[in-house]
1. Can you return the lysines within cross-link range of Lys364? Criterion is Cα-Cα under 18 Å, with same-chain partners fewer than 8 residues away left out.
2. Please state, as a whole number in µm²/s, the translational diffusion coefficient that the Stokes-Einstein equation yields for segment 14-54 at 37 °C and 0.692 mPa s, with Rh defined as the Kirkwood radius across alpha carbon pairs.
3. Can you compute 3J(HN,Hα) from phi for each residue in segment 27-39, using the Karplus curve 6.51 cos²θ - 1.76 cosθ + 1.60 with θ = phi - 60°, rounded to whole Hz and x for Gly and Pro?
4. Kindly provide the Kirkwood hydrodynamic radius of segment 27-136 in Å, to one decimal, from all pairs of distinct alpha carbon atoms.
5. Give me Asp291, Asp185, Asp160 ranked fewest to most by other Cβ atoms within 10 Å of their Cβ, as a rough exposure proxy.
6. Hey, got the dipole for segment 2-159? About the Cα centre, +1 on K and R Cβ, -1 on D and E Cβ, debye to the nearest 20?
7. Provide the convex hull volume over Cα atoms per residue for segment 1-80, in Å³.
8. Viscosity 1.306 mPa s, temperature 10 °C: Stokes-Einstein D of segment 77-134 from its Kirkwood Cα radius, in µm² per second?
Amino acid sequence: MTVTVRSFAKINLGLRIGAPRADGFHDLLTVYQTIGLHDVIRISVMRGTGIEIRCADPRVPRDESNTCFRVVEEAIQQLGTKGRVVVEIEKRLPVQGGMGGASTNAIATLLGLERALKKSLPVAERLRIAAEVGSDLPLFLIGGTVLGVGRGEQVYPLEDLPAIACVVVTPEVGVSTPNAFAAWDRLCGAGALAREDASGADASDRVERPEPAGLCPARTGEGARPHMSRGGSSRSAGSSKLTLSGPSDRMIELSRALSAWLSEPYSGAPFGRGRAENPLLELVRAGIENDFERVVFPEYPELCEGKRALERAGAKYASLSGSGSTLYGLFASRQAAAKAATGLRKQGWAAQATVTLTRRSYWKRFFG
């Protein structure tokens, strides 16, 4: 039996990076939002044993390092079943694009496998498997607008808000998430060292915040690469003196903005009624931003230019998604998004118009 599943992407509505943790990850605070762009996953179960990953994109691994392979391996063991599982991945989302492509593929595979086997794991067991395989996986077990904390794997469904039009720009560059975390640690460490040199005090005793980067700063060198850890984060570079040792002020700021946004009453009325505008636009205007822009834009100036292009095209809000390289802009209407996408393509950008997916729409369209 073959089951076909749509594997929907996500964007990040704000992302704050906290202190490196003892387990090598970083504390994060973000709002995930599923959108209409997707890959297609086909899962087949037949006689025999083993797991086979098929994909025409050579950048997608086909061994046990593939997230789909890892969830199948774990699920088969927990379900107490046998068989040869073939997972075919039709890639439409960018690889290393910040849209959760590998993670959403894995969740689509997990749920498709359950349907193919006509067996189901308990919800708590699904979440456990997802969190162990990768930080971004659990959000795709919820869909819609989702609060992510911890290393991103602790997820809480937020109010199912109206869909909003958006344009996604996918530059031809891949950004390594572990390298982006390492660059963030270096940026925080550089600020700590500068203050320590100036004051003679031990900078590790203070919570530090990196200075804001310019909109399109010059390209900088990559520097040393630290040991990379599982799940997309990285172990902190250098000594403990170079990294944040306590809760970040920036995490607290975003937490307050989210709390203020969530406390606003929402009538559930259609767009343009109830609240003055779509509540997602109210959220992004609360001052949220993606910390990764501070380290990714200096390394890849073309991504910064892509954000500016979205803003010039009329986006109410534009941002990097995750660690990139995908950029997105939120628009007042689908017509405005479609017009913007057409104009951006004429300028040479790979741009697609789509919409955010409510939780209900996400699950309604999941099995194709």
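Read-outs: derived from the displayed coordinates by stated rules, not from any lab. None of the values given here were measured: they were computed from a predicted structure. Cβ: placed from backbone, ideal geometry, glycine included. Neighbour counts: every protein chain shown.
1. Qualifying lysines at Cα under 18 Å: Lys10.
2. Working: Rh = 14.9 Å.
For these conditions, the coefficient is 220 µm²/s.
3. My calculation for segment 27-39 gives 5, 10, 9, 7, 10, 7, 9, 6, 10, x, 6, 7, 8 Hz in order.
4. Details: mean 1/r = 0.0693 Å⁻¹.
Hydrodynamic radius (Kirkwood, Cα only) of segment 27-136 equals 14.4 Å.
5. On the way: Asp291 27, Asp185 23, Asp160 16.
Sorted ascending by nearby Cβ count, the order is Asp160, Asp185, Asp291.
6. Details: 20 positive and 17 negative charges, 88 e Å.
Result for segment 2-159 is approximately 420 debye, rounded to the nearest 20.
7. Working: hull volume 13.0 nm³, N = 80.
For segment 1-80, the hull spanned by Cα atoms encloses 163 Å³ per residue.
8. On the way: Rh = 12.7 Å.
Once the numbers are plugged in, D ends up at 125 µm²/s.
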